[in-house]
Amino acid sequence: MLRLVSLKLGRLYRYVKLAVLGSLAAALVLNTHSLLASLQRNELSERRFLQLNKCPACWGTSWCRKFLNGQLRLESWGRLRLFDFFNVKNVYFARYGEPREGSRRVVLKRLGSAQELADIDTKICRRATGRGRCDLLQAVHATEFASLNGDVRLLTPDAVEGWSDLVHCPSQRLLDRLVRRYAETKDSGSFLLRNLKDSERMQLLITLAFNPEPLVLQSFPSDEGWPFAKYLGACGRMVAVNYVGEELWSYFNAPWEKRVDLAWQLMEIAEQLTNNDFEFALYLLDVSFDNFAVGPRDGKVIIVDAENVLVADKRLIRQNKPENWDVWYESKFDDCDKEACLSFSKEILCARVTVDHNYYAICQNLLSRHATWRGTSGGLLHDPPAEIAKDGRLEALLDECANPKKRYGRFQAAKELREYLAQLSNNVR
């Protein structure tokens, strides 16, 4: 009976696959002329495609000259709008520069799906007029994004607290950093909000409210050793970041030596974001195999999706001393049988100095046997060599890091796991 069911499901899958392929072929035939036209023109130099007409309800304009001058071109199939249906995240790959002079690959992001971007317009209209549709350019000037224009000296916590994960519990020190490092202005370097133009202030605030990823990349830049992709610039509702390499999931079945090295780097990232000289704790609230990428030359692991990063200022926590501020916080294991599950309290992350969240997120969702991704299971360190499996230490450390059995067990397991992976990595080199 089970065999009969599986055969029927297999036939159904083949029929559906053939139907989809047939539909695509028909669409290609019917739209041959428009497809050829889209291959010939450079949409990245078109203001409407960039949604430059939405500004200042946009991400910025620092790279508009490069876009509009045709210095960026979408790669191959990215030029075909027919395939936008499959590009739900609105992420594009492009070449920057002249081919004869040596172009490089960059990643372009709209920072949201088509529906999410439409929702931004609706929210702005509702905040300004109470209606879902309006003249966006007029409406944005009647929102809180414009109320901080004029002679306002500083961007303060009470003005933006809770707007997004980045500023769920902002300190003045963090906000000064965001303004000082804002890359969408020619006068960057000052923490004074009033030094920005009105349009630049609105762009900064709208980015902070709807998708703060560019601000994370700007405030904690790769040039200073932070494990994030390099921010390049924006035009309208399109931002450009440096292309890092293939996503982490493509290394799921890489040789054991490679996976050990990647696992060690991931634990080092968890440590760096948790404990650093700046006393900012950056907690990753969304951890999955497609949020990281690996450099093809240096093999370095980089975070390529930084939308959901909560920043807690440890100096402020020590200063204010909220209840239980100095009690170590242990994240609760979440066995939800789904991909990329995490259990956390933003309020507690904002109120404790010592937190194991990043170790927990990396171990549970990427490294341990509890990690699942696109039908795979067992985590990045699945199927270790026989001698390592027999020893049992790796499995024990991963289990304790993901689902600790002892009080504060994850803290100790994470430390030992970093050291053990470093030892294994050195042994295999």
Exercise. Looking only at segment 167-205, which residues are modelled with pLDDT under 90, more than 11 Å from Gln218 (Cβ to Cβ) and not aromatic (Phe, Trp, Tyr)?
Worked result: Lys186, Asp187, Gly189, Ser190, Leu192, Leu193, Arg194, Asn195
Exercise. Got at least one residue in segment 415-426 being surrounded by fewer than 21 Cβ atoms within 10 Å (Cβ to Cβ), polar (S, T, N, Q), closer than 14 Å to Arg259 by Cβ and touching an Asp or Glu at 6+ places or on another chain (Cβ under 7 Å)?
Worked result: yes
Exercise. If a residue has to be in contact with a strand residue (DSSP E or B) (Cβ under 7 Å, 6 or more places away or on another chain) and part of a helix (DSSP H, G or I) to count, how many in segment 146-178 make the cut?
Worked result: 4
Exercise. Which condition breaks for Gly225 when tested against (1) more than 21 Å from Leu108 (Cβ to Cβ); (2) in contact (Cβ under 8 Å) with a residue 60 or more places away in the chain?
Worked result: (2)
For this session: With the checklist (1) modelled with pLDDT under 90; (2) not in a loop (DSSP other than H, G, I, E, B) in hand, flag the one item Gln138 doesn't pass.
Result: (1)
Seminar exercise, completed: Filtering strands (runs of 3 or more DSSP E) wholly in segment 71-118 for at least 2 residues that are at pLDDT 65 or above, open to solvent by 50 Å² or more (accessible area, probe 1.4 Å) and farther than 18 Å from Gly236 by Cα gives 104-109
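Listed here are the residues, each with its yes/no results for (1) open to solvent by less than 30 Å² (accessible area, probe 1.4 Å); (2) more than 29 Å from Tyr96 (Cβ to Cβ); (3) assigned to a helix (DSSP H, G or I).
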position: Pro214; (1), (2), (3): yes, no, yes
position: Cys235; (1), (2), (3): yes, no, no
position: Val239; (1), (2), (3): yes, no, no
position: Asp261; (1), (2), (3): yes, yes, yes
position: Ile269; (1), (2), (3): yes, no, yes
position: Gln272; (1), (2), (3): no, no, yes
position: Asn276; (1), (2), (3): no, yes, no
Exercise. Is it the case that some residue within segment 143-164 is buried (at least 17 other Cβ atoms within 10 Å of the Cβ), polar (S, T, N, Q), under 22 Å from Leu52 (Cα atoms) and touching a Phe, Trp or Tyr at 6+ places or on another chain (Cβ under 8 Å)?
Worked result: no
For this session: For residues that are out of contact with any helix residue (DSSP H, G or I) (no Cβ under 7 Å at 6 or more places or on another chain) and not in a helix (DSSP H, G or I), scanning just segment 197-212, find the one that is most open to solvent (accessible area, probe 1.4 Å).
Result: Lys197
Exercise. Taking segment 242-259, which residues are open to solvent by 10 Å² or more (accessible area, probe 1.4 Å) and touching a helix residue (DSSP H, G or I) at 6+ places or on another chain (Cβ under 8 Å)?
Worked result: Asn242, Glu247, Trp249, Tyr251, Phe252, Ala254, Trp256, Glu257, Lys258, Arg259
For this session: Examine segment 379-395 for a residue that is open to solvent by 80 Å² or more (accessible area, probe 1.4 Å), in a loop (DSSP other than H, G, I, E, B) and touching a Phe, Trp or Tyr at 6+ places or on another chain (Cβ under 9 Å), and state whether such a residue exists.
Result: yes
Exercise. Residue check: is Lys405 open to solvent by 60 Å² or more (accessible area, probe 1.4 Å) and not in a helix (DSSP H, G or I)?
Worked result: yes
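Here are Asp313, Asp326: which of them is open to solvent by 60 Å² or more (accessible area, probe 1.4 Å) and in contact (Cβ under 8 Å) with a residue 12 or more places away in the chain? Walk me through it before giving the result.
Details: Asp313 fails: open to solvent by 60 Å² or more (accessible area, probe 1.4 Å).
Just one listed residue meets the conditions, Asp326.
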Seminar exercise, completed: Within segment 367-377, residues open to solvent by less than 20 Å² (accessible area, probe 1.4 Å) and either more than 21 Å from Ile269 (Cα to Cα) or not polar (S, T, N, Q) (or both) come out as Leu367, Ala371
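The values are calculated or read from the model by the stated rules, or taken from the named source; none is laboratory data. It should be emphasised that the depicted structure is a prediction, and the values quoted were computed from it without experimental measurement. Virtual Cβ from ideal backbone geometry, glycine too; neighbours counted across all protein chains shown. Remember, those area values only see protein heavy atoms, side chains included, never the ligands or the DNA or RNA. Shrake-Rupley method; radii C 1.70, N 1.55, O 1.52, S 1.80 Å.
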